[in-house]
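The values are calculated or read from the model by the stated rules, or taken from the named source; none is laboratory data. Note that this is a predicted model, so its numbers are computed, not measured. Note: ideal-geometry Cβ built from the backbone for every residue, glycine included; neighbour counts use all protein chains shown. Keep in mind that these areas ignore ligands, DNA and RNA; they rest on the heavy atoms of the full protein, side chains included. Shrake-Rupley method; radii C 1.70, N 1.55, O 1.52, S 1.80 Å.
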Amino acid sequence: MSTPASPQIPDAEGALVALAERMRAAVAHDAAFVGIYSGGAWLAERLAAMIPGSHAVGYIDVSYYRDDYAKSGLKGGAKRTELSFDVEGATIVLVDDVLYTGRSVRAAINELFDFGRPDRIELAVLVDRGGRELPVQADYVGARLVVARELSVVLSKDPGGTLSLAVEPLAGN
Amino acid sequence: MKIEIRSGRVVDPAQDVDRVASLYVAAGRIVAIGDAPAGWTPNRVIDAQGLVVCPGLVDAAARLREPGLEHKATLESELQAAIAGGVTSLACPPDTDPPLDEPGLVEMLKHRARSLNLAHVYPVGALTLQLAGTTLTEMGELAEAGCVAFSQADMPLVDTQVLLRAMQYAATFGHRVWLRPQDPHLGKGGVAHDGEVATRLGLAAVPTAAETIALATIFALVRETGVRVHLCRLSSAEGVALVRAAKRDGLPVTCDVAIHHLHLCDVDIGWFDAQAHLVPPLRTSRDRAALRAGVADGTIDVICSDHTPVDDDGKQLPFAEAEPGATGLELLLPLTLKWAAEERVELAPALARITQAPAALLGIPAGSLAVGAAADICVFDPVAY
Amino acid sequence: MRNPQLNANGELTHLLTLEGLPAEVIRQILDTAEPFASIAEREVKKVPLLRGKAVFNLFFENSTRTRTTFEIAAKRLSADVINLNIGASSTSKGETLLDTVDNLVAMNADMFVVRHSQSGAPHLIAAHLNAHKRTHVHVVNAGDGRHAHPTQGLLDLYTIRHYKREFHGLTVAIVGDVLHSRVARSLIHGLTTLGTPEVRVIGPRTLLPTRVEALGVRVFSDMREGLAGCDVVVMLRLQSERMKGALLPSAGEYFKHYGLTQDKLAAARPDVIVMHPGPMNRGVEIDSAVADGERSVILPQVTFGIAVRMAVMSIIAGN
């Protein structure tokens with residue numbers, strides 16, 4: 001598949017190591033890592049193993065909190081949000097694979113607040129590709145990347161658990 | 001006023017005529033067919049080349065909604081519809097409000113119709129007072145006022161003793177009793193044929209047995225008394241078979257079918273389309289096929305419109321609550337022609353079912369283009385129709 | 001004839017009946033219901049999907065149970081819910097069904113949940129909305145006459161799938177007054193559409209509709225024969241009116257031949273599940289030992305009902 005002017009795609013595993021490095025020094029000892037499905041979920045699990053401390057892992061599905069329901073309807077494949085710890089008073093690091101417009105993060109924050117009032121939420125992302133449409137910023141970033149609007153950045157996991165990043169045309173282009 | 005209808009295909013089943021000829025009308029009567037009378041100068045010439053010229057149609061059942069139901073339709077509107085459909089004589093059932101159980105009401109209706117000067121109206125009188133099925137009406141008086149037959153319209157006559165006596169009394173005055181074969185108990189409250197469609201749609205249903213049981217009862221009474229009966233609105237294959245057998249046995253019965261039942265069946269209800277809510281209900285395609293064949297082989301004598309127009313308010317309701325009925329006066333001719341074309345029935349026998357046969361049933365001087373007859377004529381384009 | 005439930009893109013825009021719905025649409029609803037089931041366990045049992053939308057419960061036939069589950073489902077989607085209990089007296093006030101609908105649409109109704117005693121009433125409303133191109137207003141049938149109760153059918157399918165995983169090898173029996181049951185008709189359509197190989201109806205002939213086999217079921221008059229080898233048994237409620245219409249002699253005789261007891265249930269498979277749309281007539285169609293027994297999944301059905309209705313509403317409101 002040929003893409004116009006292929007950008008330098010960072011190596012996912014390498015970016016993860018860089019991200020964990022940045023987090024190790026700064027995250028609270030008992031921060032919960034909540035991953036946004038699906039890529040964020042894989043990352044949250046990996047990070048909890050890589051960063052010392054007592055880090056509960058939670059999973060969040062933002063399907064019901066998206067802002068494009070009126071336009072595009074309900075998309076299938078919603079998964080269960082699982083937060084096994086008490087959100088009330090918790091320190092949470094929200095984990096996502098790609099930070100782009102910021103809308104998924106907005107939805108995830110709204111959803112978290114329906115569970116309780118956290119003390120603090122920080123955001124960790126594997127890749128920040130710019131293009132923000134809301135005032136959202138990541139506290140911890142693995143790698144940066146600039147990609148054209150018609151392309152999407154996708155994180156995948158192979159059967160062995162190795163993560164990799166790819167750039168693909170947006171579905172429908 | 002001298003009118004010449006020139007070079008049309010004149011089809012008159014009553015006189016066994018089917019040829020291209022011109023028709024000559026003077027002073028409201030047919031004065032000649034074929035060659036013009038001596039010294040003929042017409043005031044008006046109608047070019048009927050390529051058109052069919054037949055007797056004005058006779059509709060054995062059309063509801064006019066007067067008296068009492070003028071908010072739905074009036075004599076004027078319905079008689080306009082009649083002549084627009086080529087119908088020049090029609091019989092109306094007695095279920096007006098009040099029902100036609102009194103000579104005064106009949107006279108008034110006839111008077112109103114005459115003054116409108118559109119189609120001829122022949123009322124069918126009520127068999128019992130208020131159509132309630134208990135007391136006989138003054139059939140002698142009603143006959144004198146102009147009733148051509150007596151019926152219960154769609155109201156059931158539960159008491160067979162009363163039914164028998166009503167039949168005998170009507171016979172005294174030489175009139176037939178027109179009866180809808182509908183058992184009063186079976187399928188009470190039903191709105192659709194008792195079959196697959198009603199089961200799927202969850203509609204209360206009327207089984208075919210409601211018709212066949214009533215037919216059997218009527219035939220038994222006819223056998224006992226020899227009274228002539230006309231059966232209204234057959235709806236089932238089994239019903240047609242019973243009538244065929246009764247006729248073979250020599251019973252003096254005739255019957256009719258409503259034009260919509262020759263074309264539609266219960267599947268046409270679709271997703272609860274209240275336009276298809278009719279009485280009797282539309283039955284299966286098998287029943288429809290038997291009705292169509294029954295008209296073709298003469299078991300069914302007459303096709304009528306059963307014209308029962310219902311306004312939007314009456315139909316924009318859940319199926320069972322909607323008023324049953326459909327408009328038919330303007331559709332009688334085209335739908336009869338459609339049936340004839342599909343069943344490969346020739347034009348003359350097809351037209352007989354809506355001209356000669358209903359005229360004979362009503363006992364009226366209509367349905368024929370004989371010289372001297374009233375000039376009730378229908379001219380139509382067989383291709384356009 | 002286009003399916004009045006689907007819009008021009010083939011997406012579900014009204015839920016009127018399970019009959020004629022593509023299998024994928026039914027599966028989509030069941031799949032969407034799954035994660036909704038977990039919302040009940042949250043502190044804040046709400047998601048904002050239908051926030052700002054007005055859902056009108058138009059109940060022309062009383063039903064506190066069904067109306068309440070729809071209300072809970074709509075509120076969990078953050079919708080505004082307005083309940084209109086229009087008994088038979090309202091029609092005597094002269095306002096027709098469609099006039100009522102038009103007035104509510106003028107008040108910015110987004111969705112109607114309709115229960116009516118006449119078969120076809122929701123179809124009439126949907127046809128009226130479609131004819132007037134009100135594509136943003138949706139209809140959910142909460143039960144119309146004897147015709148359909150699609151959300152009940154869906155929650156029954158969801159329940160079966162929850163316990164039995166899939167439909168392809170199942171034998172399902174529906175017992176009781178099928179003639180008057182919209183629940184039975186909807187479930188039969190749903191089961192046959194999803195490929196259930198054997199669907200049985202069991203009951204006395206007076207309570208079975210004409211030509212019921214045409215719906216794709218096998219008919220049994222003997223309950224033990226009908227239950228033999230069943231994976232799922234669905235008991236239908238028997239209403240007391242049936243004894244008056246010369247359909248049945250007595251509740252006692254009915255229970256003897258068609259009531260579900262442990263003894264009769266033994267004819268089914270050992271892992272059979274017992275379902276009932278509720279409310280139950282204990283001792284008439286089902287005895288307490290079975291209703292409260294370990295094979296009964298009657299209470300879970302109620303919980304699943306809320307999730308399924310949330311799924312239906314959120315799917316159609318987004319189309």
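Key figures
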| quantity | calculated |
| --- | --- |
| Answer residue from region B:287-303, given it is part of a helix (DSSP H, G or I) and in contact (Cβ under 8 Å) with a residue 60 or more places away in the chain and is surrounded by the most Cβ atoms within 10 Å (Cβ to Cβ) among those | B:Asp287 |
| Out of B:Ser285, B:Ser305, sole residue that is among the polar types (S, T, N, Q) and over 14 Å from the mean Cα position of the chain (by Cα) | B:Ser285 |
| Residues (buried (at least 22 other Cβ atoms within 10 Å of the Cβ) and within 14 Å of chain C (Cβ to nearest Cβ)) located in region B:304-319 | B:Pro318, B:Phe319 |
| Filter result (open to solvent by less than 30 Å² (accessible area, probe 1.4 Å) and within 14 Å of another protein chain (Cβ to nearest Cβ)) within region B:268-286 | B:Ile269, B:Gly270, B:Phe272, B:Ala274, B:Ala276, B:His277, B:Pro281, B:Arg283 |
| Region C:34-45: number of residues that are assigned to a helix (DSSP H, G or I) and at the interface with chain A (Cβ under 10 Å from one of its Cβ atoms) | 7 |
| All positions within region C:245-278 that are in contact with a Lys or Arg (Cβ under 7 Å, 6 or more places away or on another chain) and open to solvent by 30 Å² or more (accessible area, probe 1.4 Å) | C:Ala267 |
| Residue within region B:206-228 that is closer than 30 Å to C:His180 by Cα, in contact (Cβ under 8 Å) with a residue 40 or more places away in the chain, of a type in the set (S, T, N, Q) and touching a helix residue (DSSP H, G or I) at 6+ places or on another chain (Cβ under 7 Å) present | yes |
| Residue, surrounded by the fewest Cβ atoms within 10 Å (Cβ to Cβ), within region B:134-161, restricted to residues that are hydrophobic (A, V, I, L, M, F, W, C) and more than 16 Å from B:Val229 (Cα to Cα) | B:Val158 |
| Members of region C:1-32 found to be facing another protein chain (nearest Cβ under 10 Å), of a type in the set (A, V, I, L, M) and without any contact (Cβ under 8 Å) to a residue 40 or more places away in the chain, listed by number | C:Met1 |
| Residue tally, condition in contact with a Phe, Trp or Tyr (Cβ under 9 Å, 6 or more places away or on another chain), among the charged types (D, E, K, R) and within 11 Å of A:Val57 (Cα to Cα), over region A:11-47 | 1 |
| Criterion: under 21 Å from B:Ala62 (Cβ atoms) and out of contact with any Lys or Arg (no Cβ under 9 Å at 6 or more places or on another chain) - qualifying residue of B:Leu282, B:Leu332, B:Leu369 | B:Leu332 |
| Enumerated strands (runs of 3 or more DSSP E) restricted to region C:202-291, each holding at least 1 residues that are away from chain B (no Cβ under 14 Å) and more than 26 Å from C:Thr66 (Cα to Cα) | C:218-220 |
| Residues that are over 14 Å from B:Ile3 (Cβ atoms), out of contact with any helix residue (DSSP H, G or I) (no Cβ under 9 Å at 6 or more places or on another chain) and not in a loop (DSSP other than H, G, I, E, B), drawn from region B:20-65 | B:Val20, B:Ala21 |
| All positions within region B:18-32 that are open to solvent by less than 40 Å² (accessible area, probe 1.4 Å) and closer than 15 Å to B:Ala373 by Cα | B:Leu23, B:Tyr24, B:Val25, B:Ala26, B:Ile30, B:Ala32 |
| Test: A:Gly39 is modelled with pLDDT under 95, crowded, with 23+ Cβ neighbours inside 10 Å and within 17 Å of the chain's Cα centre (by Cα) | yes |
| Of all residues in region A:114-133 being in contact with a Lys or Arg (Cβ under 9 Å, 6 or more places away or on another chain) and not small (Gly, Ala, Ser), the one that is surrounded by the most Cβ atoms within 10 Å (Cβ to Cβ) | A:Val127 |
| Residue under evaluation C:Arg161, criteria (1) away from every other protein chain (no Cβ under 14 Å); (2) open to solvent by 10 Å² or more (accessible area, probe 1.4 Å); (3) in contact with a Leu (Cβ under 7 Å, 6 or more places away or on another chain); (4) not in a helix (DSSP H, G or I), criterion not met | (4) |
| Residue tally, condition of a type in the set (D, E, K, R) and facing another protein chain (nearest Cβ under 7 Å), over region A:62-84 | 2 |
| Residue, nearest to the other protein chains (Cβ to nearest Cβ), within region C:292-319, restricted to residues that are open to solvent by less than 40 Å² (accessible area, probe 1.4 Å) and β-branched (Val, Ile, Thr) | C:Ile315 |
| Qualifying residue in region C:167-177 (condition: of a type in the set (Asp, Glu), away from chain B (no Cβ under 14 Å) and touching a residue at least 40 places away in the same chain (Cβ under 8 Å)) | no |
| Residue count for region B:174-221, restricted to those that are assigned to a strand (DSSP E or B) and surrounded by fewer than 24 Cβ atoms within 10 Å (Cβ to Cβ) | 1 |
| Flag if A:Leu74 is crowded, with 19+ Cβ neighbours inside 10 Å and either part of a helix (DSSP H, G or I) or modelled with pLDDT of 95 or more (or both) | no |
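One line per residue, one yes/no per condition, for (1) among the β-branched types (Val, Ile, Thr); (2) at pLDDT 95 or above; (3) open to solvent by less than 20 Å² (accessible area, probe 1.4 Å):
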| position | (1), (2), (3) |
| --- | --- |
| B:Glu346 | no, yes, no |
| B:Pro349 | no, yes, no |
| B:Ile354 | yes, yes, yes |
| B:Pro358 | no, yes, yes |
| B:Leu361 | no, yes, yes |
| B:Gly367 | no, no, yes |
| B:Ala370 | no, no, no |
| B:Cys378 | no, yes, yes |
| B:Ala384 | no, no, no |
